[in-house]
Every structure is written in structure tokens, then in C-alpha cells.
1. Compute the signed sum of charges (Lys and Arg +1, Asp and Glu -1) over the other residues within less than 14 Å, Cβ to Cβ, of HIS145.
2. Counting heavy atoms of the protein chains only and a 1.4 Å probe, report the per residue accessible area for the chain as a whole number of Å².
3. So which GluC sites (Glu not before Pro) in region 1-76 end up in coil per DSSP with only 14 or fewer other C-beta atoms within 10 Å?
4. Tell me the net charge near GLU34. Cut-off is 14 Å between Cβ atoms, GLU34 excluded, with +1 for each Lys or Arg and -1 for each Asp or Glu.
5. How long are the three semi-axes of the equivalent ellipsoid of the chain, in whole Å, if each is the root of 5 times an eigenvalue of the C-alpha gyration tensor, listed from largest down?
6. May I ask you to give the percent of accessible area on region 171-252 that is carbon plus sulfur, with a probe radius of 1.4 Å?
7. Which of the GluC sites (Glu not before Pro) across region 50-107 are loop residues per DSSP, with 15 or fewer other Cβ within 10 Å?
8. Suppose we keep just the DSSP beta bridges with both residues in region 174-244; what percent of those would be antiparallel, to 5?
Amino acid sequence: MNETPPNIILHAADVHKNFGGLRALSDIDLQIEEGKTHAIIGPNGAGKSTLLNVIIGRIPPSSGAVIFDGTVLTGKAPYEINQLGISRVFQTPEIFPELPVLHNVMAPAFARRDGAFRVNMLRSVGSEREIRDEAEAILDDIGLHGRREDHAGSLSRGDKRRLELAMCLIQRPRLLLLDEPTAGMSRHDTNTTIELLRKIKSTGMTKVIIEHDMHVVFSLADRISVLAQGCIIASGLPHEVKEDPRVQEAYLGGSVE
Ligand code: ADP
Ligand code: MG
């Protein structure tokens, strides 16, 4: 009786996106609860990356709005949305290849400190020494500490993805968006990433994760939404979604597992 209702930190309300004649997103209503890990799954071309791009301000919706903690994001620039406390790990890593791995992780923290007004991020502003210590701790967590002096460009594809995750984590966003964070990783590196994402859950960071690998999805997700042909066809607890016949159908009659 005394349960407080969940805080909806992100709400995509009635979002539509057309690319010319193609309806990439139709009538999207997505609510993300604070502190939870919410997976978005669905076949290739379903509109998952488009939805993330709408949230971070890279793509304007054709109609509808995205609201983050009471603030309407729609119409804001990507950097403004980032400053409100939303970070995204991209499908293609965006790193500084000429810089050492450690400096790549430190850079977003400096950018934030020197850019002043990112008041809504969880992290407090630190000295260079504190930022370096934190960057080293994150690299240790993700298993890249031994590579900290190497140029980021020399990392494998999977390691670059983990580096980019580290660059997001140091910003301590309130909402972390991950677009296929384990794509291109070995099973071992995938499991390391799952462990890391579990660990950061305890910090209260909310995560939205797009993922093909069902092992990753069912290891991490508190909630799952399924996109197919631009529509959310199911949304709920993992076991509810897994058993939903519409979801089985969307995966070509195969099992979600
Ligand atoms: P997913 O990430 O689920 O695989 P996407 O969001 O990348 O799917 O794509 C959804 C649909 O929108 C696809 O048909 C894709 O070809 C199309 N699409 C995505 N981005 C663009 C764009 N910038 N211009 C035109 N069509 C696009
Ligand atoms: Mg995609």
C-alpha cells in the first residue's frame, strides 16, 4: 500500500518518424523507469537505432516528444541533451585514435568540468588527479588497464567498444543508452561487459540497451520492449515478453531464446 509509484525518467510520447515514404517509427510510447535496465529488442531494420537517435537529438521526430525528468528534449541539440545527463554508446565507437587509452577516458570528464554547466550529471567535478584516478579505476573494471598507455587506435574492435563505454561512464550520466554494446566482442569480453553493466546498476544509473544477443538481454534487463516495423509490439517483464506470441511471431516464428 505504501509503495511509491516508479519514477519515469524518460518518456517517448507518441513519437513518429518518417524517412520520406518510409515509416521508421509509428506511435511509439515508451516509458523508462529510473534505476532500471530497459532492453529494446527487435529484428534488423525495426527502428531501434532511429529511436535512440531521436532520444539523443540526432534525428528530429516527425511528431511526438521525448521528455527526460520533466524536461522536453525535442528541439534541443545533442550536446544540450548530453549536458542534461544522457550519454550514448554508439554502434560505431567514437574515440580519439591518436591519444592514449587513459587520455580518451579522461577527456569527457575534462570537457564536462571545463564546459561548466552540466548540473544534472551524477558526478561531481574533480581535480585532474581525481579524474585520472577515476579513469584508471574504470579501465581496471572493464579490463583495459593494461592497455592504458597504448594509442586507442591500436585496440581491437571489441576493446574500442569497451573504451567508449568507459568514456561514457566517467561522465556518470543519469541515463546511459547502449546500442549493441557487445557487437563484435568475443564471448569472454561479452561476459566481462555484462558483469560491468551489472556493477554500474548499483550506482542507480538508468540504462536503455539495444541488443541482439539474447544472453545479454536476459542477463541484464529488468524490462523489455520489442520493436517490429517501427511499432512497439510488446513491453513488460522479461518472462512476459518471452512468452508473448506476437514476439515469437516477429522473430520469424522462432524462439526468442
Ligand atoms: P534497427 O536499428 O532496428 O536495425 P534502424 O533504426 O537503423 O533499425 O532503421 C529503421 C528503418 O529506417 C530501416 O528501414 C532503415 O533503412 C531506415 N533508416 C534509418 N535511418 C535512415 C535515414 N537516415 N534515412 C533513411 N532511412 C533510414
Ligand atoms: Mg541499429
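The values are calculated or read from the model by the stated rules, or taken from the named source; none is laboratory data. Bear in mind that the values here come from a model prediction, so they are computed numbers and not experimental data. FYI the Cβ positions are ideal-geometry reconstructions off the backbone, even for glycines, and counts take in every protein chain you see. Calculation scope for accessible area: heavy atoms of the full protein, side chains included, ligands and nucleic acids excluded. Shrake-Rupley method; radii C 1.70, N 1.55, O 1.52, S 1.80 Å.
1. -4
2. 46 Å²
3. Those satisfying the criteria are GLU3.
4. Values: positive: LYS36, ARG174, LYS201, LYS207, ARG223; negative: GLU33, ASP69, ASP222.
Result for the local shell: +2.
5. Working: eigenvalues 177, 92, 63 Å².
One finds semi-axes of 30, 21, 18 Å for the chain.
6. Ligands and nucleic acids excluded, carbon and sulfur give 53 percent.
7. For GluC sites (Glu not before Pro) across region 50-107 that sit outside H, G, I, E and B with at most 15 neighbouring Cβ atoms in 10 Å, the list reads GLU94, GLU98.
8. Looking only at bridges with both residues in region 174-244, the antiparallel portion is about 50 percent.
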